[in-house]
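The values are calculated or read from the model by the stated rules, or taken from the named source; none is laboratory data. What you see is a predicted model, and the numbers here were worked out from it, not measured in a lab. All Cβ positions, glycine included, derive from the backbone under ideal geometry; neighbour counts span all protein chains shown.
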Amino acid sequence: MSGLTFRSSRPDRWVQPRPHRDASLRYLMHGPIRPMEEPGFWARLFGVR
């Protein structure tokens, strides 16, 4: 068997690793990091974080 591989087209983007993104570039693109869940009614009422 041969160790060579043949590819007729480029691999999909989701298979290839993404380029490194600096934290400041991520902030410019997406904004500040926010919590996954919004605080509930009682947490907002009593200011619990």
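Structure summary
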quantity	calculated
Sole exception among (1) surrounded by 10 or more Cβ atoms within 10 Å (Cβ to Cβ); (2) modelled with pLDDT of 80 or more for P39, by number	(2)
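Residues are listed down the side, and each one gets a yes or a no for (1) touching a residue at least 60 places away in the same chain (Cβ under 8 Å); (2) part of a helix (DSSP H, G or I); (3) surrounded by 10 or more Cβ atoms within 10 Å (Cβ to Cβ):
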site	(1), (2), (3)
L4	no, no, no
S9	no, no, no
R13	no, no, no
P17	no, no, no
H20	no, no, no
Y27	no, yes, yes
P32	no, no, no
P35	no, no, no
L45	no, yes, no
